[in-house]
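Please read the structure below before turning to the comments.
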Ligand code: NAD
Ligand code: MG
């Protein structure tokens, strides 16, 4: 039996992972499940999968979790330290599906004990790519992509030599506003940004899809994961979300990965890798589909994309700055304190302020430095937003 843990089990990717594991209970020994505020769901899944321990991110919810697990023999814990401790419990495979920079520290712990880390949490590589890859190498741990684009690229590269890769083309649905008139974006509402045309995902990544901050993170994730040069990474809008990404080789061949937009494919691939097993995902009917469409993303609609290339050029800790400022701006948009396009403006302002302080950006990439940079970027994002509100 394989020992597995699921970080962020109560979220969208986490629930899809729970679904796959619950279909084959005899194959898995579930160690830790982590979640946030949805204690009922966390406790329910811990019981369903017979986990050793369930952990909520919130200290204040510990009693509730304990009560929900009373008499089951399943341990309950809460808080940041407990999440990191969960990462240190020996397992073979961990799903990293916490949202945001909070996923970094538990994921690093899992790598340190040599576990295979199935990475949905793209922020891990954006904030601390070098640190994460060095940690994996040092502890002989493996990283497997779960983001659908990166899973697609990874699959297109099976048996290939990276030296033969000319370019990587990442597809993007274009999000909720791909067809909106540009001048309407300034006033796009929270509800409008929170519905995705093709994928059913958590609220934060759904809004990040509308702004393409999600794609911006994925471009950086691609650079870190596959070690290609930023100039080799392209983004193309593909409204149907059937082609999940493509790899172009030096002989002109393009390998595309197609499938229904269902995260259980990428999760299942990472769970069973290097094997392929039956997965409960819909099969594409190409004749019924008829056609697939592609178009170049407009710079004015998606300023986040340009910022991603600036971040890759800058290097150092700028990925951590970018992500933290983005998370803060997204918090403010969700609280309806700033407008949709203000998110990119705030992030750019914070990046510029760090650019003026190269000593900060070029500090060594340790977890402490990443964490401190993350905190400072959030503070500077708050200051930038306070300035905007005062204007
Ligand atoms: P979600 O919001 O649905 O779930 C997030 C999970 O993280 C929940 O279990 C939540 O309780 C937990 N969490 C939230 N804040 C936390 C904190 N501060 N500390 C600890 N735990 C916390 O998110 P999601 O859509 O499942 O996305 C998870 C990750 O996977 C993100 O990094 C996202 O970019 C990535 N991803 C998601 C999808 C998708 O289809 N949803 C696809 C590709 C990649
Ligand atoms: Mg993706």
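Computed from the coordinates by the stated procedures, all read-outs in this text should not be read as laboratory data. As the structure is a computational prediction, the values presented were derived from the model and not from experiment. Cβ coordinates were reconstructed from backbone atoms using ideal geometry, including for glycine residues, and neighbour counts include every protein chain displayed.
State the Kirkwood hydrodynamic radius of the range 320-364 in Å, one decimal place, computed from all pairs of distinct Cα atoms.
Details: mean 1/r = 0.0916 Å⁻¹.
By the Kirkwood definition, the hydrodynamic radius is 10.9 Å.
In whole angstrom, and with the biggest value first, how far do the Cα coordinates of the chain range along each principal axis?
Its Cα atoms span 57, 54, 41 Å along the three principal axes.
Out of all DSSP beta bridges with both ends in the chain, state the antiparallel percent to the nearest 5. Write out the running numbers ahead of the final one.
Numbers: 10 of 38 bridges.
Here the share of antiparallel DSSP bridges comes out near 25 percent.
Distance between Cα centroids, the range 108-155 to the range 11-34: provide it in whole Å.
19 Å
From the C-alpha coordinates alone, can you work out the Kirkwood hydrodynamic radius of the range 121-171, in Å?
With all distinct Cα pairs of the range 121-171 included, I get 12.5 Å.
What Rg and what Dmax come out for the range 88-146 when only alpha-carbon atoms are used, in angstroms?
For the range 88-146, the Cα-based Rg and Dmax read 9.7, 26 Å.
Can you sort 206, 56, 10 by how many other beta carbons sit within 10 Å, fewest first?
206, 10, 56
Using the reciprocal of the averaged 1/r over all distinct C-alpha pairs, how large is the Kirkwood radius of the range 351-391 in Å?
One decimal place: 11.0 Å for the Kirkwood radius.
What is the ratio of the Cα radius of gyration of the range 1-47 to 2.2 N^0.38 Å, where N is its residue count, to two decimals?
Taking N as the residue count of the range 1-47, the ratio is 1.05.
Could you tell me the largest-minus-smallest coordinate of the C-alpha atoms of the range 293-342 on each of the three principal axes, in descending order and whole angstroms?
Its Cα atoms span 33, 32, 16 Å along the three principal axes.
With equal scatterers on the alpha carbons only and no solvent term, can you work out the Debye log10 of I(q)/I(0) for the range 59-161 at 0.12, 0.21, 0.22, 0.25 1/Å?
Normalising to I(0) and taking log10 leaves -0.47, -1.08, -1.15, -1.32.
Dividing the alpha-carbon Rg of the range 302-391 by 2.2 N^0.38 Å yields what?
Working: Rg = 12.4 Å, N = 90, 2.2 N^0.38 = 12.2 Å.
The value comes to 1.02.
Determine the distance separating the Cα centre of the range 222-280 from the Cα centre of the range 340-391; give it in Å without decimals.
Computed from Cα coordinates, the inter-centre distance equals 31 Å.
Quick one: if you take sqrt(5λ) for each eigenvalue of the C-alpha gyration tensor of the range 50-118, what semi-axes come out, biggest first, whole angstrom?
Equivalent-ellipsoid dimensions as semi-axes: 22, 14, 9 Å.
Can you divide the C-alpha Rg of the range 260-338 by 2.2 N^0.38 Å and report the result to two decimal places?
So the Cα radius of gyration is 1.64 times the expected 2.2 N^0.38 Å.
Just need the relative contact order of the range 51-185 here, percent rounded to a whole number, with Cα pairs under 8 Å and 6+ apart.
Once normalised by length, the contact order is 16 percent.
How do 180, 273, 93 line up, fewest other C-beta atoms within 10 Å first?
Placing the least packed residue first, the sequence is 180, 273, 93.
Over the Cα atoms of the range 237-371, what Rg and Dmax result, in angstrom?
Final numbers for Rg and Dmax: 19.8, 57 Å.
Show me the ranking of peptides 181-194, 95-108, 26-39 by mean Cβ neighbours inside 10 Å, starting with the highest.
95-108, 26-39, 181-194
From the convex hull of the Cα coordinates of the range 1-131, what is the mean projected area in square nanometres? Don't jump to the answer; show the numbers that get you there.
On the way: hull surface 28.0 nm².
Across all orientations, the range 1-131 yields a mean hull projection of 7.0 nm².
Please report Rg (one decimal) and Dmax (integer) in Å for the Cα set of the range 151-277.
For the range 151-277, the Cα-based Rg and Dmax read 15.7, 48 Å.
In which sequence would 138, 215, 47 go, from the one with the fewest C-beta neighbours within 10 Å to the one with the most?
Sorted ascending by nearby Cβ count, the order is 138, 47, 215.
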